[in-house]
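> Structure in structure tokens, see below.
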Amino acid sequence: MKEKIYLTVVGKNELGIIATLTNSLHTFQLSVNDITQKILDDKFVLFMELESKQSMEIQHLKEHLEHNTKNFKLQIMLAHENLFNAMHRI
Amino acid sequence: MTFQLNEILETISFPYLNHFDIRTVTMGLSLRDCHRSGDQQTADAVYDKLCFEAKDLVKEVDQISQKFNIPIANKRMAITPVSVLCDGKGAQAPLLIAHAIDKAAKELGLDFIGGYSALIDKGITKGERNLIEALPQVLTETDRLCSSFNVATTRTGLNMDAIILLSKKILETAELTKERDAIGCAKLVVFANAVEDNPFMAGAFHGMSMGDKSVSVGISGPGVVRQVLAEAPKDLPLQDIYTLIKKTSFKMTRVGELFLTEAAKRLQCDQGIIDISLAPTPTPGDSVGEVLELIGVDQIGTHGTTAALALLNDAIKKGGTMATSKVGGLSGAFIPLSEDAAMIESAKSGTLTLDKLEAMTCVCSVGLDMVAVPGDIPLATLVGIIADECALGMVNNKTTGVRIIPVPGKTTGDTAIFGGLLGEAPIISIHDKQASGLLNRGGYIPTPVQGFRN
């Protein structure tokens with residue numbers, strides 16, 4: 001079953017962050033439905049809507065992303081779409 | 001993108017900036033089929049059932065937390081009142097069962113199991129008496145077992161004999177655990193109108209009207225409400241403040257419902273209830289006291305605090321009841337003195353007194369919670385404090401509870417240190433005059449007229 005996952009990344013802006021992130025996403029066979037990325041006050045801020053073809057353990061993805069980006073100073077947040085549905089859609 | 005960026009940011013800010021968490025996922029389990037012929041056999045049956053039924057609880061709950069990126073602070077269980085298993089057993093049964101439960105909690109990685117309990121608002125059976133007799137030893141020798149007793153209801157009246165008996169046991173427990181500032185007493189609540197589906201400790205138990213197995217969720221989040229109010233204009237009318245709290249409670253409860261649905265599916269048990277309680281922690285910013293101060297009092301405990309708390313409590317309930325049909329438990333605002341930085345500060349400065357706390361419990365969800373008093377408190381005074389609080393619950397048809405900690409060797413102005421979520425409590429002042437007559441007379445207060453609703 002298809003699932004959407006929302007990725008938020010905040011941290012110090014450096015070269016290669018998106019390349020590193022998308023490398024992990026490719027490993028997990030995730031497609032990027034949407035991406036918004038900005039530099040705000042020298043901070044790197046990114047939102048992505050990801051889609052997986054089948055149900056997956058988000059923790060595994062998070063660990064992979066954190067491992068791959070350990071040379072950057074980033075905070076990575078992932079959450080299943082149902083969380084946002086619960087809070088913002090009736 | 002399916003969601004606006006501000007919606008994503010708001011969701012993320014709940015746990016990351018404002019301490020929002022699911023305070024507890026609590027599995028309720030019936031132990032009524034654990035009666036065996038002997039005391040030890042019964043304790044063994046309890047241990048086996050707990051270990052079998054809850055073997056996946058911690059693992060599954062952790063996975064839910066990771067899936068939705070919201071912390072779950074505690075994994076707990078609520079069980080059938082242990083008194084039910086003690087009738088027809090020997091005097092040793094309560095202690096043996098208590099140790100079996102504590103051992104299971106540790107092996108399962110649970111934070112607490114609640115249910116060393118009895119409903120004694122009308123009378124006390126032999127098994128229940130054995131359970132109470134063992135209480136100080138149980139609270140001293142176990143770490144993760146919580147205890148509660150219901151001593152009054154609107155339907156049956158108030159059992160003063162039970163209050164006197166429990167007060168003696170509270171003092172004994174305090175003495176036995178004096179090396180740790182009487183922490184044993186922090187695991188005991190005396191209730192009026194106890195609810196059967198409360199997932200919060202120390203008062204959780206799996207009521208006699210419940211099914212075999214269910215899971216309930218307790219939400220917290222004073223930090224989120226505090227942040228919303230901090231951003232609101234200072235001259236915003238109270239009805240608009242009310243609406244802001246209501247909307248926030250709605251969103252938090254929706255998250256709770258999501259967790260409840262997911263947990264029940266994964267653990268293959270009934271969906272219990274969602275308890276929408278603002279439960280503070282000692283972490284700065286995660287304080288109900290600060291919320292009340294933002295609503296409109298200079299310091300929690302001063303005049304106006306009860307009105308502000310009434311507003312807060314009702315707005316939380318209304319937002320929650322719109323968000324889910326499964327609201328239950330205690331639901332409202334908790335005011336545990338030792339766990340709330342603003343309340344600790346106010347009690348230290350003398351603004352927040354025991355009398356004001358008692359008044360506040362008329363409009364909040366529970367009662368005198370985590371209140372530390374001088375260790376030399378007379379028995380008659382302790383009886384009076386508990387009886388007052390239970391009378392409030394009985395007459396006003398609401399749940400009230402007392403979690404009181406007489407701290408041996410300490411007196412008004414000192415501080416009791418409990419650590420962790422239990423925080424630290426300034427020893428609060430009590431009146432010199434005692435309730436000697438209530439103690440000497442004993443007996444019971446009959447059903448109030450509010451109880452005759454047939």
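> Just report the Cα centroid separation between the range B:308-335 and the range B:348-380, whole Å.
The two parts, judged by their Cα centres, are 22 Å apart.
> Under a 5 Å amide H to amide H cut-off, with H placed in plane at 1.01 Å, what residues pair with B:Asp21 once short-range neighbours are removed?
Distant-sequence amide H within range of B:Asp21: B:Ser220, B:Gly221.
> What spacing in nm lies between the two simple spin-label points modelled at B:Asp314 and A:Asp41, each 7 Å away from Cα in the Cβ direction?
3.9 nm
> I'd like the accessible area for B:Asp212, computed on protein heavy atoms only with a 1.4 Å probe and all protein chains in place. Round to 10 Å², please.
Roll a 1.4 Å probe over it and B:Asp212 shows about 110 Å².
> Moving on. Near the amide H of B:Gly28, under 5 Å away, which other amide H atoms are found, from residues 5 or more places off or on another chain, if H is placed in the peptide plane?
Those qualifying (amide H under 5 Å, at least 5 residues apart or on another chain) are B:Ala78, B:Ser214, B:Val215, B:Ser216.
> Which ³J(HN,Hα) values in Hz, rounded to whole numbers, follow from the phi angles of the range B:142-148 under the Karplus curve 6.51 cos²θ - 1.76 cosθ + 1.60, where θ = phi - 60° and Gly and Pro get x?
10, 10, 10, 9, 10, 10, 8
> Still on this structure: So what is the 222 nm mean residue ellipticity for the protein assembly as shown from helices alone, if each DSSP H run of at least 4 adds -39500 (n - 2.57) and you divide by all residues, rounding to the nearest 500 deg cm²/dmol?
The helix contribution divided over the protein assembly as shown gives -13000 deg cm²/dmol.
> Still on this structure, I have one more. Give the separation of the Cα centroids, the range B:78-105 to the range B:190-235, in Å.
26 Å
> Related question: Select from A:Leu40, A:Leu30, A:Leu50 the residue whose mean-square fluctuation is largest in a Gaussian network model of chain A (Cα-Cα springs shorter than 10 Å).
A:Leu40
> How large is log10 I(q)/I(0) at q = 0.05, 0.08, 0.10, 0.12 Å⁻¹ when the Debye formula is applied to the Cα atoms of the protein assembly as shown, each weighted equally and without solvent?
Each listed q corresponds, in turn, to -0.21, -0.54, -0.82, -1.13.
> For every other residue with a beta carbon closer than 12 angstrom to the beta carbon of B:Lys247, add +1 if it is Lys or Arg and -1 if Asp or Glu, then tell me the sum.
Computed value for this residue: +2.
> By how many nm would the segment from B:Gln239 to B:Ser325 lengthen if fully extended, with 0.36 nm per residue of separation less the alpha-carbon distance?
Result for the pair: 28.5 nm of gain on full extension.
> For labels at A:Thr22 and B:Lys55 in the simple 7 Å Cα→Cβ model, what's the distance in nm?
It is 4.6 nm.
> Next question, about the same structure. Run through every distinct alpha carbon pair of the range B:63-113 and return the Kirkwood hydrodynamic radius in angstroms, one decimal place.
Answer for the range B:63-113: a Kirkwood hydrodynamic radius of 13.0 Å.
> Also, I was wondering about something else. In chain B, with Lys and Arg counted as +1 and Asp and Glu as -1 at Cβ, which of these residues, B:Tyr444, B:Pro280, B:Met77, has the Cα nearest the positive end of the dipole, that is, farthest along it?
Result: B:Tyr444.
> How many partner chain Cβ atoms sit within 10 Å of a residue's Cβ in peptide B:8-20, on average, as a whole number?
Mean shielding count: 3.
> Counting every Cα pair in the range B:2-66, what percent are over 18 Å apart?
Value for the range B:2-66 (Cα pairs over 18 Å): 60 percent.
> Students sometimes get this wrong: rank B:Asp432, B:Asp275, B:Asp62 by accessible area, probe 1.4 Å, all chains present, largest first.
Sorted by accessible area, descending: B:Asp432, B:Asp62, B:Asp275.
> Now for a different question. For chain B, take the alpha-carbon Rg, divide it by the Kirkwood Rh, and send me Rg/Rh.
0.96
> May I pose another question? With a 1.4 Å probe and all protein chains kept in place, how do B:Ser429, B:Ser13 rank by accessible area, largest first?
If we order B:Ser429, B:Ser13 from most to least accessible, we get B:Ser429, B:Ser13.
> Tabulate in residue order the Karplus-calculated ³J(HN,Hα) for the range A:14-22, using 6.51 cos²θ - 1.76 cosθ + 1.60 with θ = phi - 60°, rounded to whole Hz; enter x for Gly and Pro.
Couplings: 9, 5, x, 5, 5, 4, 5, 4, 5 Hz.
> Which of the trypsin sites (Lys or Arg not before Pro) found in the range A:34-76 are in a DSSP loop and have at most 10 neighbouring Cβ atoms, other than their own, within 10 Å?
A:Lys70
> In the range B:193-250, what trypsin sites (Lys or Arg not before Pro) fall in a loop by DSSP, with at most 10 other Cβ atoms inside 10 Å?
B:Lys234
> Shielding of B:66-76 by partners, i.e. mean partner chain Cβ atoms within 10 Å per residue?
What the average comes to for B:66-76 is 4.
> Quote the accessible area belonging to B:His431 in square angstrom, nearest 10, computed with a 1.4 Å probe and with ligands, DNA and RNA left uncounted.
In the full protein context, B:His431 sits at about 120 Å².
> Let me ask you something else. Could you give the size of the charge dipole of the protein assembly as shown about its Cα centre, using +1 on the Cβ of each K and R and -1 on the Cβ of each D and E, expressed in debye and rounded to the nearest 20?
With only Lys, Arg, Asp and Glu charged at Cβ, the dipole is about 840 debye.
> How large is the Rg to Rh ratio of the range A:3-88 when both quantities use alpha carbon positions and Rh follows Kirkwood?
Here the Rg-to-Rh quotient is 0.95.
> So how strong a dipole does the range A:3-88 carry about its Cα centre when Lys and Arg Cβ are +1 and Asp and Glu Cβ are -1, to the nearest 20 debye?
For this selection, approximately 200 debye.
> Give a residue-ordered list of calculated ³J(HN,Hα) values for the range B:369-375 (Karplus: 6.51 cos²θ - 1.76 cosθ + 1.60, θ = phi - 60°; whole Hz; x for Gly, Pro).
10, 6, 9, 9, 10, x, x
> Please work out the Cα center distance from the range B:127-176 to the range B:429-454, rounded to the nearest Å.
Rounded to whole Å, the Cα centres lie 17 Å apart.
> Here's another thing I want to ask about it. Could you list the residues of the range B:379-401 with an amide nitrogen less than 20 Å from a label point located 7 Å from the Cα of B:Lys433 in the Cα-to-C-beta direction?
Inside the label zone: B:379-392.
> Take every residue in peptide A:71-82, count the Cβ atoms of other chains within 10 Å of its Cβ, and give the average of those counts.
Per-residue shielding by partner chains comes out at 3.
> What residues have an amide H closer than 5 Å to that of B:Val407, excluding those fewer than 5 places away on the same chain, when H is modeled at 1.01 Å from N in the peptide plane?
For B:Val407, the qualifying residues are B:Val373, B:Gly375.
The values are calculated or read from the model by the stated rules, or taken from the named source; none is laboratory data. Please read these numbers as outputs of a predicted model, since none were measured by experiment. Counting neighbours? That spans all protein chains shown, and the Cβs are built from the backbone with ideal geometry, glycine included. These area figures cover heavy atoms from the full protein model, side chains too; ligands, DNA and RNA do not enter into them. Shrake-Rupley method; radii C 1.70, N 1.55, O 1.52, S 1.80 Å.
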